[in-house]
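Right, one structure below, let's go through it.
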Amino acid sequence: MKVLLTGAAGQLGRALIASRPLGVDLVATSRNGGSGLVALDLADSAACREAVLEHRPDWVLNAGAYTAVDRAESEPELAMAVNAGAPAAFAAALAELAFAAAKTCRLLQVSTDFVFNGAQGSPYKPEQAVDPLGVYGASKAAGETAALQLPGSRVLRMGWVYGPVGKNFCLTMLRLHGLKAAAGEALGVIADQVGCPTSTLTLAASCWRALGVGLEPAEAAALPQVLHWSDAGAASWYDFALAIGELGVEAGLLDDAAQVQPLTTAEYPTPAQRPSYCLLDCTTSRAALGLEALHWRQALQEVLTQVADQVVA
């Protein structure tokens with residue numbers, strides 16, 4: 001199986017490379033290229049098409065995205081170009097390649113819980129209609145629609161993603177816990193937005209499984225077009241920050257954790273409106289993928305262990 005991976009320099013992309021299964025011929029791309037990576041700007045639809053026709057993959061695993069939720073409100077054209085234009089270009093090019101080469105070519109579009117408005121107060125099922133609140137969510141919803149135009153392609157929506165590398169809430173909170181604890185100051189974190197922290201380690205496993213890796217051919221063929229993935233349980237950002245401090249001390253990453261002060265969304269206004277409840281119902285997706293759920297605190301422990309190992313190394 002040949003896979004063209006986007007976003008390879010990001011936190012999910014790096015987890016996907018680290019967990020690449022045997023037998024996968026991986027062409028890893030990122031916007032700026034780099035060591036072992038092919039340069040590919042997802043805002044350039046022509047470049048996306050050319051990458052498919054040049055590398056002739058069986059799958060495009062589109063893990064790259066415009067993820068600056070607040071900045072998207074002032075850069076809607078760029079957000080749409082990356083999050084909607086790229087999957088549309090990939091889908092069209094893969095269809096062209098499939099026809100020319102008489103082979104099956106598909107797209108896995110990694111998406112987000114932000115395609116929902118968060119108003120229902122219960123976990124969202126994969127088949128529910130989307131209703132995004134802001135530009136970022138709307139651009140990702142448009143990307144889903146574009147991807148699903150290609151027969152056999154899939155969308156995998158994820159929860160609040162973080163990992164041992166890259167820019168994410170977990171690593172930011174570790175740094176702030178250290179600074180605030182040393183200064184004797186409290187750390188304010190939003191407590192009225194609920195979702196589920198999701199490790200790149202478990203998310204990467206679900207992405208490979210969504211491509212059919214580790215499944216029997218009949219099981220892979222029966223996978224639904226839209227899948228949900230997050231770790232198990234539910235948390236607010238406040239809960240997550242509290243756990244990062246507690247488990248960070250246990251992992252030896254912090255001498256002490258800062259006091260965490262709960263804030264309301266109204267006390268911490270942002271340019272983009274965020275869903276207050278964006279928990280994903282992953283029950284049917286986990287069963288179809290054949291993967292067990294891992295509680296988010298256990299997944300966090302595993303990520304912090306990797307961070308600690310990197311510090312030692």
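Considering the stretch 26-64, the residues that are on the phi > 0 side of the Ramachandran plot and assigned to a loop (DSSP other than H, G, I, E, B) include one that is surrounded by the fewest Cβ atoms within 10 Å (Cβ to Cβ), namely Gly36.
Could you tell me whether any residue of the stretch 294-301 is surrounded by 18 or more Cβ atoms within 10 Å (Cβ to Cβ), touching a strand residue (DSSP E or B) at 6+ places or on another chain (Cβ under 7 Å) and in a loop (DSSP other than H, G, I, E, B)? Checked against the condition, which is being surrounded by 18 or more Cβ atoms within 10 Å (Cβ to Cβ), touching a strand residue (DSSP E or B) at 6+ places or on another chain (Cβ under 7 Å) and in a loop (DSSP other than H, G, I, E, B), the stretch 294-301 yields at least one hit.
Is there a residue being acidic (Asp, Glu) and modelled with pLDDT under 95 anywhere in the stretch 268-283? Show your work before the answer.
From the stretch 268-283, those acidic (Asp, Glu) are 281; that's our starting set.
Next, only the ones that are modelled with pLDDT under 95 stay: none.
No - not one qualifying residue is present in the stretch 268-283.
Restricted to the stretch 144-169, and to residues that are under 14 Å from the mean Cα position of the chain (by Cα) and assigned to a helix (DSSP H, G or I), which residue is surrounded by the most Cβ atoms within 10 Å (Cβ to Cβ)? Per the stated criteria, the residue is Glu144. The set of residues in the stretch 65-95 that are closer than 22 Å to Leu203 by Cα, in contact (Cβ under 8 Å) with a residue 60 or more places away in the chain, among the aliphatic types (A, V, I, L, M) and assigned to a helix (DSSP H, G or I) comprises Ala84, Ala86.
Kindly establish whether Arg209 is of a type in the set (Lys, Arg), closer than 24 Å to Thr67 by Cα, assigned to a helix (DSSP H, G or I) and in contact (Cβ under 8 Å) with a residue 12 or more places away in the chain. Answer is yes for this residue. State whether the residues of the stretch 225-245 include one that is surrounded by fewer than 16 Cβ atoms within 10 Å (Cβ to Cβ) and under 16 Å from Ser285 (Cα atoms). The answer is yes, given that some residue of the stretch 225-245 is surrounded by fewer than 16 Cβ atoms within 10 Å (Cβ to Cβ) and under 16 Å from Ser285 (Cα atoms).
Kindly provide the set of residues from the stretch 1-25 that are charged (D, E, K, R) and part of a loop (DSSP other than H, G, I, E, B), ordered by number.
If we filter the stretch 1-25 for residues that are charged (D, E, K, R), which is where we start, we get 2, 14, 20, 25.
Across the stretch 1-25, the qualifying residue is only Arg20.
One residue stands out in the stretch 275-293 among those that are out of contact with any strand residue (DSSP E or B) (no Cβ under 6 Å at 6 or more places or on another chain) and buried (at least 20 other Cβ atoms within 10 Å of the Cβ): the one that is nearest to Asp239 (Cα to Cα), namely Pro275.
Would the stretch 274-283 turn up any residue that is over 18 Å from Asn117 (Cα atoms) and touching a Ser or Thr at 6+ places or on another chain (Cβ under 8 Å)?
Residues of the stretch 274-283 that are over 18 Å from Asn117 (Cα atoms), as a first pass: 283.
Okay, now just the ones that are also touching a Ser or Thr at 6+ places or on another chain (Cβ under 8 Å), so none.
Within the stretch 274-283 (the criterion being over 18 Å from Asn117 (Cα atoms) and touching a Ser or Thr at 6+ places or on another chain (Cβ under 8 Å)), the answer is no, since none of the residues qualifies.
Scanning the stretch 66-110 for residues that are modelled with pLDDT of 95 or more and among the aromatic types (Phe, Trp, Tyr) gives Tyr66, Phe90.
Got at least one residue in the stretch 198-211 being of a type in the set (S, T, N, Q), modelled with pLDDT of 95 or more and in contact with a Lys or Arg (Cβ under 8 Å, 6 or more places away or on another chain)? Please lay out each step first, then the result.
As a first pass, look at the stretch 198-211 and keep what is of a type in the set (S, T, N, Q): 198-200, 202, 206.
Cutting the leftovers down to modelled with pLDDT of 95 or more gives us 198-200, 202, 206.
This time we only want the ones that are in contact with a Lys or Arg (Cβ under 8 Å, 6 or more places away or on another chain), so: 200.
Within the stretch 198-211, one or more residues are of a type in the set (S, T, N, Q), modelled with pLDDT of 95 or more and in contact with a Lys or Arg (Cβ under 8 Å, 6 or more places away or on another chain).
The values are calculated or read from the model by the stated rules, or taken from the named source; none is laboratory data. No experiment lies behind these values; they were computed from the predicted model shown. Cβ coordinates were reconstructed from backbone atoms using ideal geometry, including for glycine residues, and neighbour counts include every protein chain displayed.
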